[in-house]
Structures are given as structure tokens and as C-alpha cells.
Amino acid sequence: MYSSVITIRTGTSPSVRDITREAAEFVAGRGDGLLHVFVPHATAGIAIIETGAGSDDDLLTALDGVLPADGRWRHRHGSPGHGRDHVTPAFIAPYATLPVVDGAIALGTWQSICLVDPNVDNPTRQVRFSFLSG
């Protein structure tokens, strides 16, 4: 298995960051197998979605609708509403596993690999790519 960690700056507002290019560079030339993408944080997730047509903003809006950043959460350290960030990985898993064929990720036409980070308290995130040869 090959593994590597990258650091992504997500900033100080909720964000959806497309990391498809970085993932594609990681698997390039590795043949057939599986790419596992994992974010080792309690307040972020990995989503496979369309980007650039508003879906990334729609995802954040949907997240706000399901998990509002307000005072209802028992987990209360950090910014107001931060407790919802700790619930996010139950809705947007902190990982995804994707097929790799001949050194290329087998994504659909409009699919992208995205880091979803609603947490405004941590401006940088790590993402681990692991490749298991097939």
C-alpha cells in the first residue's frame, strides 16, 4: 500500500474544497487498484459531488438546514454552533474509496472528490490518500 498526506487550507468559513487534482496526481502511474481518501479530523468529511455549478454551495446550505450552527448543541467549545461540526461526519463520512483503472480514478463525468469542512476554527486540514494495488 502507498500512502501520503496533503495539507489543504480551508480558511475561516465553511468550505467545500475540490481535491480531485491532488488525488489524481497521487494515483497517476500506479495501475489498477483502490484509492482511499481519509480526513483524520472530527469535524470534516469527504464527499463525491459535482462542483462548479453551485452544488458545492448547495451542500453547505443543506448542511446548515439539517445541522444549524446555533446554540442547541451540547458540545459547546469553539465558535458558536461548533457542536454541529462534530456531528457532520455522521452525515458526510470522513472517507471515500474509489476505483482506479490504469492509473486514473474512475469517477463519473461530473463527479469530484471534495473535502467538506464546516469548522471555522481550524483553517487547515490534512487529507490522507492511500492506494491499494489490485
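How far apart, in nanometres, would the label points at Ser55 and Met1 be if each is projected 7 angstrom from Cα along the Cα-to-Cβ direction?
Distance between label points: 2.8 nm.
Place +1 on the Cβ of every Lys and Arg and -1 on the Cβ of every Asp and Glu in the chain, take the dipole about the Cα centre, and give the residue among His36, Ser79, Thr12 whose Cα lies farthest towards its positive end.
Of the options given, the answer is Ser79.
Give me the angle, in degrees from 0 to 90, between the Cα long axis of helix 55-66 and the longest principal axis of the Cα atoms of the chain, rounded to the nearest 10.
Value to nearest ten degrees: 40.
Please arrange Ser130, Ser4 by counting, for each residue, the other beta carbons lying within 10 Å of its beta carbon, fewest first.
Working: Ser130 18, Ser4 12.
With the sparsest Cβ surroundings first, the list reads Ser4, Ser130.
Based on other C-beta atoms within 10 Å, arrange Ile92, Ile48, Ile105 from fewest to most. Display every interim value, and only then the final one.
Details: Ile92 22, Ile48 14, Ile105 18.
Sorted ascending by nearby Cβ count, the order is Ile48, Ile105, Ile92.
Would you mind checking which residues have amide H under 5 Å from Thr10's amide H? H placed 1.01 Å from N; only 5 or more apart, or other chain.
Those lying under 5 Å, H to H, from Thr10 are Thr124, Arg125.
To the nearest 20 debye, what charge dipole does segment 2-133 have about its Cα centre, counting +1 at the Cβ of each Lys and Arg and -1 at the Cβ of each Asp and Glu?
Details: 10 positive and 14 negative charges, 102 e Å.
So the magnitude is around 480 debye.
Calculate one ³J(HN,Hα) per residue across segment 118-124 by plugging θ = phi - 60° into the Karplus curve 6.51 cos²θ - 1.76 cosθ + 1.60, and present them in order as whole Hz with x for glycine and proline.
x, 7, 7, 8, 10, x, 10
Name all residues of segment 45-63 having a backbone nitrogen under 15 Å from the label point set 7 Å from the Cα of Arg72 along its Cα→Cβ direction, giving them as ranges.
In segment 45-63, the label zone of Arg72 (backbone N under 15 Å from the point 7 Å along Cα→Cβ) covers 62-63.
Read-outs throughout are calculated quantities, based only on the coordinates presented, and are distinct from any laboratory measurement. These figures come from a predicted structure and were not determined experimentally. Here the Cβ is made from the backbone with ideal geometry for all residues, glycine too, and neighbour counts use every protein chain on show.
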